[in-house]
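I have placed the structure first, in the form of structure tokens, so that the comments after it can refer back to it.
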Amino acid sequence: MQFDWWTLALQTINVLVLVWILARFFFRPIAAIVAKRREEAGRVLAEAAAERAAAQQEKAAAAAEHQQIAAQREALMENARTEAAAEKERLLAQSAEALARQREEAEAALARQRHESEGELIAQASNLSVDIAKRLLERLPPETVFKAFLSGLETALQNLPDDGADGIAGADGEHPVEVVTAASLSEDQARQVRALLKQAADTDVALEFRSDPALIAGIEVHARNTIIRNNWQADLARIREELLHEHNHHPA
């Protein structure tokens, strides 16, 4: 077999030309396309990675915000519970104070009503005692009643201080001693009264007699420095004042 070097050389040249043509017009565009596709793929992957990272960051931020919101909600709930408990305690305290105040006011009102009722009862008892005194007086002989009060007048005159006796002794026509009785005195009764006053003053006394049914029974003597009240009206008034004084100073 005979080997032709020219043929081999021509074929080699043909192969080189073909490789050059392929490299210039085929492989380079394809390589450029592949590189471009690779570059685009890398960019897409980078964008996807960036989006994934952004998504993860947003997810983490959302989770953190959710935790923060949950913490804030829990704090608000705790504050609300605390404020509600404090408000409940305040309202309970106010209710207790209001109830205590209402109870005190009710007790004070009842005490005032009881005090006023007792005062009214005392006033009614005083009025009733006057009526009873008048009825008892009607059953007693007038002379017996007069003698009883005349004896009381004598005791009162004996216990007069010096200025009281001087006031009786110093009476004159312009300023006489006034003798007041529930009913007009007879001449004999007036004489007995005059004798007692003369004895007390150790001199004759200028007297003026008048009657006042409000005394019920008894004798009053009005002089310059003294007044002797010896009658049922004064006794009943004194008893009433003592009852009212005891009532007013008694704890309600």
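Can you pull out every residue in the stretch 217-252 that is outside any strand (DSSP E or B) and modelled with pLDDT of 80 or more? Across the stretch 217-252, the qualifying residues are Ala217, Ala223, Arg224, Thr226. Please determine whether any residue of the stretch 108-130 is closer than 29 Å to Asp188 by Cβ and modelled with pLDDT under 80. Checked against the condition, which is being closer than 29 Å to Asp188 by Cβ and modelled with pLDDT under 80, the stretch 108-130 yields at least one hit.
Collect the residues in the stretch 214-230 that are crowded, with 20+ Cβ neighbours inside 10 Å, closer than 13 Å to Leu197 by Cβ and either of a type in the set (D, E, K, R) or touching a residue at least 60 places away in the same chain (Cβ under 8 Å) (or both), keeping them in residue-number order. Of everything in the stretch 214-230, those that are crowded, with 20+ Cβ neighbours inside 10 Å, closer than 13 Å to Leu197 by Cβ and either of a type in the set (D, E, K, R) or touching a residue at least 60 places away in the same chain (Cβ under 8 Å) (or both) turn out to be Ile219, Glu220, Val221, Ile228, Asn230.
The values are calculated or read from the model by the stated rules, or taken from the named source; none is laboratory data. Remember, predicted model here, so these are calculated numbers, not experimental data. Note that each Cβ is placed from the backbone with ideal geometry, even for glycine, and that neighbours are counted across all protein chains shown.
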